[in-house]
Amino acid sequence: MSDITEKKALFHEDALMFNALKDSLGSTRGGRAVYKKDLEHDDAFKESLKSELRVLAGQYSGQDVLDEPHIQNIKGLISRLELAHRDILNEGVLKFGFAAKALNVYLKHLWCGKPNLDIRPTHCPFDNNIVQELGLASGHEHRWTYAEEKDYREWVRLAYIAAEAEGKATLSEWELTKWKP
């Protein structure tokens, strides 16, 4: 690979990562913030998150990752980031919804933007618009910034039902048809 080809690939991956972080850590439109009130962002946290996402993405290249291992990847991501960055996180915790969205959005960006990698996202990013599509019963969290694992599992369950009803092979394909530019 030439130096310019390598730099182009790195630039493209960095742009995908930037968008994934912006989508998962940026504006939450009245939702729960990932950082403590006095912080807008934390570069060390972002660098840790980027590193974690890059490592995890390798597991989704050229193979299907089942639901449970994917959820375990999200839980591991939470554990590692909380251990290293508890002092800057809102109430010292990283909500499941944030970690799930970060991983799922990054995988979606790679899936859409770098098809030569053969990234196979297990789930789709659940944002407020996608969660609305699910028709959740009362008693379930509707905001991804507050979501716990049990909420996420219910979203996945309902998304599978919706995807099947619409003839979509994966949650990623289903979500892409619901995406509004």
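Bear in mind that the values in this text are calculations on the coordinates, not laboratory data. What you see is a predicted model; the values in this text were computed from it and never measured. Cβ placement follows ideal geometry from the backbone for every residue including glycine, while neighbour counts extend to all protein chains displayed.
So between N19 and A169, what do we pick up on full extension, going 0.36 nm a residue minus the alpha carbon distance?
51.5 nm
Expressed as a whole number of Å, what is the distance separating the alpha-carbon centroids of the range 124-180 and the range 77-102?
22
So for each of 148-159, 2-13, 131-142, 54-65 I average, over its residues, the number of other beta carbons within 10 Å; can you give me the resulting order with the highest mean first?
Working: 148-159: 17.6, 2-13: 10.5, 131-142: 13.1, 54-65: 14.8.
Per-residue mean Cβ counts within 10 Å order the peptides as 148-159, 54-65, 131-142, 2-13.
Work out the length of the dipole vector of the chain about its Cα centre, built from +1 on the beta-carbon of each Lys and Arg and -1 on the beta-carbon of each Asp and Glu, and round it to the nearest 20 debye.
240
Within the range 44-67, whose backbone N sits under 15 Å from a point 7 Å along Cα→Cβ of E6?
Backbone N within reach: none found.
Could you give the length gained by full extension between S48 and K75, i.e. 0.36 nm per residue of separation minus their alpha carbon distance, to one decimal place?
Working: separation 27, 0.36 × 27 = 9.72 nm, distance 1.52 nm.
Full extension of this stretch gives 8.2 nm more.
What's the Kirkwood radius of the chain in Å, using all Cα pairs?
Details: mean 1/r = 0.0593 Å⁻¹.
So the Kirkwood estimate lands at 16.9 Å.
Given the options A165, A100, A147, state which has the largest fluctuation in a GNM of the chain using a 10 Å cut-off (strictly under) for Cα springs.
A165
Give the residue from I78, L136, W155 lying farthest towards the positive end of the charge dipole for the chain; charges sit on Cβ (+1 for Lys and Arg, -1 for Asp and Glu) and the dipole is referred to the Cα centre.
Most positive-ward Cα: L136.
Roughly how many debye, to the nearest 20, is the charge dipole of the range 108-157 about its Cα centre, given +1 on each Lys and Arg Cβ, -1 on each Asp and Glu Cβ, and no other charges? Let's see the in-between values first.
Working: 7 positive and 8 negative charges, 42 e Å.
I would put it at about 200 debye.
Can you give the FRET efficiency to the nearest 0.05 for D64 and E148, using r as the Cβ-Cβ distance and R₀ = 22 Å?
For D64 and E148, the calculated efficiency is 0.30.
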